[in-house]
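Trainee: My questions all concern the structure below.
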Amino acid sequence: MGRVIRAQRKSGGIFKSHTHHNKNPARLRNIDFAEKNGYIRGVVKEIIHDAGRGAPLATVVFRDPYRYKLRKETFIAAEGISTGSFIYCGKKAALNVGNVLPLSQCPEGTIIFNVEEKVGDRGALARTSGNYATVIGHSDDGKTRIRLPSGAKKTVSSKARATVGIASGGGRVDKPFLKAGRKHHAMRAKRNSWPRTRGVAMNPVDHPHGGGNHQHIGHASTMARDAPAGQKAGLIAARRTGLIRGTATVKPDTE
């Protein structure tokens, strides 16, 4: 009988993400009449840093269309916007960097980020610093095809909104951490997922890959989807393993 392995301890939700220092959820405006039919103008008041997030956030102030008050929203900042910039949200907004438009108003090839997966979810796709999605094409049945940062293609509703441009903070991963202390502080803001000891460096009691006179697994690293929790380590339910050989053939879009 071995020990309770790391995957069993950490997958149960006791290691939560560290959100205490987060400023605000970065989301688009709640969809309303102004955005569905015309546009609404906001002004960028400040660019702020959010703990555990690579991309800077922009605090954008809008006038409430129904009450005499200001509404403060927190957007993911687009590359190129600054304090004092105007941001236009809505169907009739111009196709400029930082503006929020429905995908139906974005022509093919438009670079976008913070894209809604479902209409009104206020942004779910391509939100990391320096990332963007690309509009591939529109179909007649109210759907739009986009290419995600991973290279995958996805079909979403043409009424889903997105911000024009790329998320700011790009090039963040180009600079090496250089020392463990910097990595420690960076990960401390995110969650308890670092440092991560390799299974082969452990003893047999601690991990299925542990033990042996050289650091090796000693058996295939693929593992069944329904394996017991204490055995479930490695490549779980892998369809294929190994290096991807040759060149990828990209199927042309039929739309």
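Trainee: Among His184, His219, His20, which one shows the highest mean-square fluctuation when the chain is modelled as a Gaussian network with alpha-carbon springs under 10 Å?
Mentor: Comparing His184, His219, His20 in the GNM, the peak value goes to His219.
Trainee: Please report the equivalent ellipsoid semi-axes of the chain, computed as sqrt(5 x eigenvalue) of the Cα gyration tensor, largest first, in whole Å.
Mentor: 42, 24, 17
Trainee: Just to check, using Stokes-Einstein with a Kirkwood Rh over alpha carbon pairs, what's the diffusion coefficient of the stretch 124-230 at 37 °C and 0.692 mPa s in µm²/s?
Mentor: My calculation gives 176 µm²/s for D.
Trainee: When you have a sec, figure out the Kirkwood radius of the stretch 170-222 from all distinct Cα pair distances and drop it here in Å to one decimal?
Mentor: 13.6 Å
Trainee: With the cut-off at 20 Å, report for the stretch 1-117 the share of all Cα pairs above it, as a whole percent.
Mentor: 52 percent
Trainee: While we're here: Between His184 and Arg71, what is the label-to-label distance in nm when each label sits 7 Å out along the Cα-to-Cβ direction?
Mentor: Result for the modelled spin labels: 4.5 nm.
Trainee: How far, in nm, would the chain grow between Thr247 and Arg63 when pulled straight, counting 0.36 nm per residue and subtracting the alpha carbon separation?
Mentor: 61.0 nm
Trainee: Provide, for the stretch 106-230, the number of lysine pairs with alpha carbons under 21 Å apart, each pair being eight or more places apart or on different chains.
Mentor: 10
Trainee: Of the residues Gly218, Gly169, Gly90, which exhibits the maximal mean-square fluctuation in a Gaussian network model of the chain defined by a 10 Å Cα contact cut-off?
Mentor: Gly218
Trainee: Please report Rg over Rh for the stretch 175-255, where both radii come from the alpha carbon positions and Rh follows the Kirkwood definition.
Mentor: Expressed as Rg/Rh, it is 1.12.
Trainee: For the stretch 1-76 and the stretch 100-125, what is the separation of their C-alpha centers, rounded to whole Å?
Mentor: Their Cα centres are 16 Å away from one another.
Trainee: Hey, another quick one. Running a GNM on the chain with Cα contacts under 10 Å, which residue among Ala55, Ala26, Ala201 ends up with the highest mean-square fluctuation?
Mentor: Among Ala55, Ala26, Ala201, the largest GNM mean-square fluctuation belongs to Ala201.
Trainee: Then there is this: Work out from phi, with θ = phi - 60° and the Karplus expression 6.51 cos²θ - 1.76 cosθ + 1.60, the ³J(HN,Hα) of each residue of the stretch 97-102, listed in order in whole Hz, and give x for Gly and Pro.
Mentor: 4, x, 6, 10, 10, x
Any read-out appearing in this document is the output of simple, stated calculations on the displayed coordinates, not a laboratory observation. Because the structure is predicted, anything quoted here is derived from the model rather than measured. Quick reminder, even Gly has a Cβ in these numbers, built from the backbone with ideal geometry, and neighbours come from all protein chains shown.
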